[in-house]
Amino acid sequence: MRDPRTTSLCILGAGGFIGSHLLSRLVRESWRDIRAIDITSDKIRRLLDRDNITFVHLDIYDTPGLAEHIERADIVISLVALCNPSLYTTVPLDVIDINFNRPLEVVRMCAARGKWLIHFSTSEVYGKTIGRYAPEAADDPARFVLSEDTSPMILGPVGAQRWSYAAAKQLLERVIYAYGFEQGLEYTIVRPFNFIGPRMDYIPGIDGSGVPRVLACFMEALMTGKPLKLVDGGRARRCFTYIDDAVDAVVRMLERPDAAKGRIFNVGHPGNEVTIAGLAEKMLSIYRELCPRIAPEAPCMDRVSGESFYGAGYEDSDRRMPDITKARSLLEWEPKTDLDTALRHTMAHYIREYGADCAPREAC
Ligand code: UGA
């Protein structure tokens, strides 16, 4: 059998958070021929002098350019996305375009050229859990453990634009599946469950604007001494997954094509479930460990409504707990990083990167 490390990879969105970590690992393990495509290379600059990487500055809207690079690859990994909930209610047309229309072109190109497409979807396709509609059964795991091939996908009404992203991603999954069914497209769909790690999101006012995802929101608050905002009281739950574990799952897919092709995989850490209020508590206490001079008093948290924080049309995924039986059995994958360790690594990186002064403060 051909050594998978000799296959040629085309990674779309290689300069983003997931791409930058995937690239590091592939470089470390001497994958021979990696084409890294993005409009930005800040997060991967330190890797670009390696012989096995070719960086191509290319926009996903450049269809002929895209076709040329897909043509010469064996495997296409598609990571391009707008995946920040503050955008779903404010620029839903861009969200649908980048998460559906543009990747649809990629799917078509892969189908026409016989390429294996590894497409990054989202855990958000599951939407809300059935448990939310049957509160009396909320503690029955069958009501909230999400399985790739059996769980329903429950999105809110059209006016609740929070779901513009999930609907776009879900329809694209269905298109990929249909191309597999009708035209033999070789595909693998990855559903990430809240990956966290260094380089994940910007800090507003420093290297970006608007509202990033929760971990960066809380880091900004901690580093600038503002209160952490708990949307709808922080009762939603997430299973945060450390990026090294996530990348390990993807590498196992690349190494086991027969197990990975034609399948959808949840990639998440079921042992790391926490409420957002619990996450805030944990981050506050880790921040105090990393920055011991910060004032010990004050819970430093504010409750805000979803609509006031994100705008009209915001609804939330109440709970998403991945069933990872399939990745365990077919990829022999097991996420290893517990939540505290994942947060400590990620937060220490933010503090180093943004030069937080850890200065003593009166209160939050
Ligand atoms: C987002 C994307 O929609 C998913 O596609 C993506 O897979 C996921 O992030 C991810 O990182 O993997 P979500 O988990 O809702 O989904 O995004 P976050 O912004 O990280 O929000 C998590 C929870 O924290 C939500 O309940 C949100 O309302 C809450 N939140 C966010 C706060 O309570 N305070 C904040 O300052 C920010």
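The values are calculated or read from the model by the stated rules, or taken from the named source; none is laboratory data. Keep in mind that what you see is a predicted model, and the values were worked out from it rather than measured. Here the Cβ is made from the backbone with ideal geometry for all residues, glycine too, and neighbour counts use every protein chain on show. The area values use the complete protein model at the heavy-atom level, side chains included, leaving out ligands, DNA and RNA. Shrake-Rupley method; radii C 1.70, N 1.55, O 1.52, S 1.80 Å.
Descriptive notes on the structure:
- Residue 349 accessible area, assembled protein chains, probe 1.4 Å, Å²: 30
- If you take all other residues with their beta carbon under 14 Å from the beta carbon of residue 42, and give Lys and Arg +1 and Asp and Glu -1, the sum is 0.
- Listed residues 250, 304 arranged by accessible area, highest first, probe 1.4 Å: 304, 250
- Neighbourhood net charge (12 Å Cβ-Cβ; Lys/Arg +1, Asp/Glu -1) for residue 307: -2
- Across the stretch 1-133, Cα pairs under 8 Å and at least six residues apart give a relative contact order of 24 percent.
- Residue 88 exposes around 0 Å² of accessible area when a 1.4 Å probe is run over every protein chain in place.
- Among 33, 62, 94: highest mean-square fluctuation, GNM of the chain, C-alpha pairs under 10 Å: 62
- Between the Cα long axis of helix 102-113 and the first principal axis of the chain there is an angle of about 30°, rounded to the nearest 10.
- For the chain, a Gaussian network of Cα nodes joined below 10 Å ranks 273, 353, 315 by mean-square fluctuation, and the top entry is 353.
- Net charge contributed by nearby residues that have their C-beta within less than 15 Å of residue 336 (K/R +1, D/E -1): -3
- The packing ranking of peptides 195-202, 282-289, 263-270, 22-29, highest mean first, is 263-270, 195-202, 22-29, 282-289, where packing means the average number of other beta carbon atoms within 10 angstrom of each residue.
- Length-normalised contact order for the chain - Cα pairs under 8 Å, 6+ apart - percent: 18
- Looking at the chain, the accessible area is 42 square angstrom per residue; that uses a 1.4 Å probe and ignores ligands, DNA and RNA.
- For the set 261, 336, 128, the ranking by accessible area, highest first and with no ligand, DNA or RNA atoms included, is 336, 261, 128 under a 1.4 Å probe.
- Nearest-ten-degree value, helix 243-255 long axis tilted from longest Cα axis of the chain: 10
- The figure for residue 174 is an accessible area of roughly 140 square angstrom, using a 1.4 Å probe on the protein chains alone.
- With N as its number of residues, the stretch 81-358 has a Cα radius of gyration that, divided by 2.2 N^0.38 Å, comes to 1.02.
- The chain: angle of helix 339-354 to the longest principal axis, Cα-based, in degrees nearest 10: 90
- Rounded Å value of the spacing that divides the Cα centres of the stretch 193-215 and the stretch 231-272: 19
- For the chain, the Cβ-based charge dipole about the Cα centre amounts to some 280 debye (Lys, Arg positive; Asp, Glu negative; other atoms uncharged).
- Mean residue ellipticity, 222 nm, helices only, the chain: the sum of -39500 (n - 2.57) across DSSP H runs of n ≥ 4, divided by residue count and rounded to 500, is -11000 deg cm²/dmol.
- Relative contact order (%) - the stretch 164-312, alpha-carbon pairs under 8 angstrom, separation at least six: 31
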